[in-house]
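Okay, so here's the structure we're looking at.
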Amino acid sequence: MSSLGMEGTEEAQTPAGDPLALPWDRFSSWLHCICVVGFDLELGQTVEALYPPHAKLTDKEKTSICYLSFPDSNSGCLGDTQFCFRFRQSSGRKSSLHCVLDHMDRDSPVYLKKDPSCFYGYVYFRQVRDKTLKRGYFQKSLVLISKLPYINFFHTVVKQIAPEYFERSDPCLEAACSEIDRWPPPAPGKTLHLPIMGLVIKVRIPTRHDKPGTTQLVDMTPQGDAQISVSLPTIHEVDLFRCFSPVFFHIQLLWELVLLGEPLVVMAPSPSQSSETVLALVGCISPLKYCSDFRPYFTIHDAEFKEYTTRTQAPPSVIFGVTNPFFAKTLQHWPHIIRIGDVKLAGDVPKQVKVKKLKTLKTLDSKPGVYSSYKPYLNKDEEIIKQLQKGIQQKRPSEAQNAILRRHFLELTQSFIIPLERYVASLMPLLKSISAWKSPPQLKPFSQEEFMKTLEKTGPQLTSRLKGDWIGLYRHFLRSPNFDGWFRTRRKEMMQKLEALQLEALCNEDLLIWVQKHTEVESVDLVLKLKNKLALAQKEQLPVSADTLQKLQGQVDTIIQELPDDLQDILLKTTSS
């Protein structure tokens with residue numbers, strides 16, 4: 001595979017160095033394609049170029065990309081603008097994951113896995129005056145389309161490619177694609193050095209085994225290594241403090257709304273602010289994954305516009321960001337709206353503002369703030385507000401403010417989720433109930449009332465100073481899509497653990513003695529069952545050691561050799577097929 005530049009790091013290498021890598025395999029592990037979207041006076045926004053040329057997008061997907069790649073006309077984005085969007089892929093599209101990439105995805109944190117149903121678009125839009133053009137403006141977007149939510153990383157990549165492309169056109173884009181196709185795949189736990197258009201980006205891909213809240217990129221660059229142009233401390237996180245600074249008196253309320261999967265709209269002056277704020281909201285409950293739909297930038301042309309704005313049913317569990325004033329009227333029935341104004345100077349101390357009633361929100365020109373009638377379950381944490389205000393007054397660096405706020409959200413989420421983790425762990429059967437000769441035992445069912453009883457002694461009060469109605473918050477959370485998604489994941493992990501424990505129990509048995517005491521039919525049945533279990537262990541990446549699998553495979557081979565020749569032939573054929 002790829003050459004190792006230093007322990008734990010990989011550098012780009014030609015695909016020829018990897019006998020398994022076909023042309024565009026490595027590109028596909030990072031991106032689906034790169035689009036160039038321009039403005040045609042007769043046709044409007046159109047996809048002018050698509051790289052690599054064989055990349056496939058349906059007409060519906062192209063239409064979504066076209067509308068989402070340009071800011072609304074009212075945004076008045078002159079110059080260069082970067083933002084992110086997310087849209088549904090067309091139904092029936094086949095997954096392009098290879099086995100190797102599938103394996104890597106399993107080692108990713110739950111919130112960084114490839115999105116099975118949506119694409120992300122990372123946009124670099126340029127609008128400048130140009131008298132030579134009939135419209136008087138040069139308007140074009142370069143868009144990276146990917147399944148990966150590596151927000152910070154792809155913004156850095158597109159910022160490097162787009163300005164060069166706008167100056168030099170197609171050959172430059174071909175060169176960029178060629179470079180990306182020489183990158184090692186995004187394997188969790190690896191620190192990568194990725195060259196792009198004269199820049200070398202150093203970044204570490206997180207793994208699900210990382211301790212939450214730690215910056216995993218350790219500076220291992222030897223002195224004098226002038227190759228590294230930029231080291232990214234995070235591949236996916238946005239600056240929480242910058243995003244929440246217009247509404248940071250309400251961070252407690254916003255955290256609850258996101259945790260509970262409440263319908264939430266962000267109204268902002270530009271797609272950059274709308275997309276960053278939506279991504280900050282989704283990320284504020286990390287390491288818990290936000291399991292509902294979210295759209296960092298949403299337009300009236302979106303395929304889901306009617307579905308999400310209808311008044312005939314309750315608003316769905318979704319967070320989206322908008323810039324078009326039309327939404328101020330269309331979404332008046334939505335229960336929670338965040339209005340972001342123009343970004344103020346970092347030294348400005350925001351004034352304390354109460355949560356406003358929804359009826360006062362008439363237009364997009366309404367004052368910035370949070371419009372909701374929601375009453376938080378928990379009391380406001382005055383300490384974090386004071387700490388951040390003090391930081392503003394003392395001109396504390398934005399990175400430090402961001403770290404303080406991120407740690408606050410992390411500790412709050414962990415205090416909330418640890419009691420649930422502890423209770424769910426108790427649903428596992430006892431180790432002594434696992435037998436090599438019986439199907440793995442079932443998990444005990446989740447009981448809301450049993451869980452609530454555990455909170456008195458082992459609730460969030462052990463790790464959080466916040467007071468309030470924690471019980472009410474849990475009851476509401478247990479009805480939310482975020483709980484459903486979290487519990488499904490945990491349940492699957494525990495079922496896989498039970499399968500793995502049974503494999504280990506089988507491995508510790510002397511299967512040859514068992515075979516000698518049973519009939520040929522029973523022995524063949526055992527071989528077939530063991531082969532199915534071994535295949536499942538490989539396919540599902542069960543948490544079982546390679547030594548255990550190897551030992552069990554050895555036992556299967558030994559059993560087959562003890563059987564008559566005709567049965568051996570049949571079993572060996574089923575092994576090779």
Length-normalised contact order for the range 382-454 - Cα pairs under 8 Å, 6+ apart - percent: 24
So which aspartates and glutamates pass the test for LYS467, namely a Cα distance under 20 Å, with those fewer than 8 places away in the same chain ruled out? GLU256, ASP381, GLU382, GLU383, GLU411, GLU456
Counting DSSP beta bridges in the chain, what percent are antiparallel, to the nearest 5? 75
q = 0.15, 0.17, 0.21 Å⁻¹: log10 I(q)/I(0) that the Debye formula gives for the range 24-73, counting C-alpha atoms only: -0.44, -0.54, -0.77
Solvent-accessible area, 1.4 Å probe, carbon plus sulfur percent, for the chain: 53
Give me the one-decimal Kirkwood hydrodynamic radius in Å for the range 382-482, with the sum taken over alpha-carbon pairs. 16.7
In this structure, among LYS147/LYS289; LYS517/LYS551; LYS60/LYS539; LYS114/LYS533; LYS60/LYS190, pairs with alpha-carbon gaps over 24 Å are LYS60/LYS539; LYS114/LYS533; LYS60/LYS190
Candidate residues MET452, MET495: accessible-area rank, largest first, probe 1.4 Å: MET495, MET452
Heavy-atom surface of the chain, accessible at 1.4 Å and reported per residue (Å²): 49
Taking N as the residue count of the chain, its alpha carbon Rg divided by 2.2 N^0.38 Å gives 1.10
Once you wrap a convex hull around the alpha carbon atoms of the range 202-341, what is its projected area averaged over all directions, in nm²? 10.7
For the range 525-577, the Cα convex hull volume per residue in Å³ comes to 69
Under DSSP H, which helices of the chain have Cα atoms covering 27 Å or more of the helix axis and a Kyte-Doolittle average no less than 0.0? 398-425, 520-539
Where does each of 513-520, 36-43 land if you order them by average Cβ count within 10 Å, highest first? 36-43, 513-520
Sequence gap at least 6, Cα distance under 8 Å: using those rules, report the relative contact order of the chain to the nearest whole percent. 12
Using every Cα-Cα pair within the range 124-191, state what percent have a distance larger than 18 Å. 49
Treating cross-link reach as a plain straight distance, find the aspartates and glutamates whose alpha-carbon is under 17 Å from the alpha-carbon of LYS457, omitting any fewer than eight places away in the same chain. GLU421, GLU449, ASP469
Determine the relative contact order of the range 476-559: mean sequence separation of Cα pairs under 8 Å and six or more apart, normalised by residue count, in whole percent. 41
Tell me the mean residue ellipticity at 222 nm calculated for the chain from its helices only (DSSP H runs of n ≥ 4, each -39500 (n - 2.57), averaged over every residue, nearest 500). -12500 deg cm²/dmol
Beyond 17 Å, how much of the Cα-Cα pair distribution for the range 463-577 remains, as a whole percent? 65
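The values are calculated or read from the model by the stated rules, or taken from the named source; none is laboratory data. Being a predicted model, the structure only gives us computed values, none of them experimental. Please note: Cβ atoms are built from the backbone with ideal geometry, for glycine as well, and neighbour counts cover all protein chains shown. Quick note on the areas: whole protein, heavy atoms, side chains included, nothing else; ligands and nucleic acids left out. Shrake-Rupley method; radii C 1.70, N 1.55, O 1.52, S 1.80 Å.
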